[in-house]
Amino acid sequence: MDKAEPEMYASQKDNSSSTLEKLEIELLLQGVYDWCGYDFREYAYNSIRRRVLHLVHRENVGTISQLLDRVLHDPDCLRRLIEDFTINVTEMFRDPLFFRHFREKVVPILRTYPSIRIWHAGCSTGEEVYSMAILLHEEGLYEKTKIYATDINTTVLKLAKGGIFSIEHMKKYTSNYLKAGGKQAFSDYYTVVNNGVKFDSFLTENVIFAQHNLVTDKSFNEFHVILCRNVLIYFNKELQGKVHDLFHESLGMFGILGLGDKESISKHHANYYEPINVQRKLYRKVK
Ligand SMILES: C[S@@+](CC[C@H](N)C(=O)[O-])C[C@H]1O[C@@H](n2cnc3c(N)ncnc32)[C@H](O)[C@@H]1O
């Protein structure tokens, strides 16, 4: 036997097992889409692969194909998959300097409008929405604002509506609020309840929480501001492009787009926006 052969065989085996894994993941995503309409086929591959392997382990099945079988026959398993694929990490006044710049650069623009429509796309459990409501309240703009807070995941939307957050996070959130230019005592906005802190209900009076899937659903209004932070990072380049088309279509002329810290606009879409602050990922539609 040629000396190189066993090595070659090992590398072929590695190749074919990763090809098989990719095929099984594609079949899983296609199966989920065909079965229930949730479309994860264009999510960033490496991140979805990690979630799939994690689920295979957690569901205690031997292969990805067996996971597909379970997902198709067990609605609870399907629900767990959807919850697991939609990563819900969030916090209040996340990246505080984003909110500080929003206050300093965007609020003066919004002051000139008779009414304001804001879309939080991928709002998770609502911390970002409560942060924005507080900011607008302090700037005297909340009364004339309607906030549309959407997410693909209905479980997180329920939590968002409830407005109860863990008390453990309040130290960090208070610090974020102050760095973001907060003008009052942060504790003015919540009361301590048994299982956490409950934010004042006036903060959701002008908020509509609704399910919306950025992959499969269309535009539903024309907005002055769209914030979609830390969502596109989970999508592949093609899907990011499609969602940017959706945002471009949904923003009025001179509307504001706010992205997450690690997200940016592709070269193609960059022509349609001028930066308000590139570092803070705030852009204004100009075309
Ligand atoms: C990491 S959280 C970001 C929350 C918040 N925007 C922030 O920056 O703190 C990502 C959210 O995007 C949502 N999401 C994922 N895919 C989505 C889709 N196709 N359509 C709408 N929301 C989606 C997830 O359910 C999750 O709540």
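General observations
- Considering only alpha-carbon pairs that sit under 8 angstrom and 6 or more positions apart, the relative contact order computed for the range 4-85 is 26 percent.
- List 23, 232, ordered by accessible area with a 1.4 Å probe, largest first: 23, 232
- Under 23 Å from residue 22, Cα to Cα: lysines that are on another chain or at least 8 residues apart: 13, 237
- Cα gyration tensor category, rounded, prolate or oblate, for the range 47-88 with a/c compared to 1.5: oblate
- Each Lys or Arg adds one and each Asp or Glu takes one away; over the other residues whose Cβ falls under 11 Å from the Cβ of residue 213, this sums to -2.
- Pairs of lysines in the range 136-226 whose Cα atoms sit within less than 17 Å of one another amount to 8, provided the residues are eight or more positions apart or on different chains.
- Förster-model FRET efficiency, 25 Å R0, residue 87 and residue 115, C-beta, rounded to 0.05: 0.15
- Cα-based Rg / Dmax (Å) for the chain: 21.8, 82
- Using a probe of 1.4 angstrom and keeping all protein chains present, the accessible surface of the range 78-216 works out to 43 square angstrom per residue.
- Computed over neighbours whose Cβ is under 13 Å from that of residue 43, the net charge equals +1, Lys and Arg +1, Asp and Glu -1.
- Charged-residue dipole, Cβ positions (Lys, Arg, Asp, Glu), the chain about Cα centre, Debye nearest 20: 1060 debye
The values are calculated or read from the model by the stated rules, or taken from the named source; none is laboratory data. Note that the structure is predicted; figures quoted are calculated from it, not measured. Note that we place each Cβ from the backbone using ideal geometry, even for glycine, and neighbour counts take in every protein chain shown. For accessibility, only protein heavy atoms count, side chains too; no ligands or nucleic acids. Shrake-Rupley method; radii C 1.70, N 1.55, O 1.52, S 1.80 Å.
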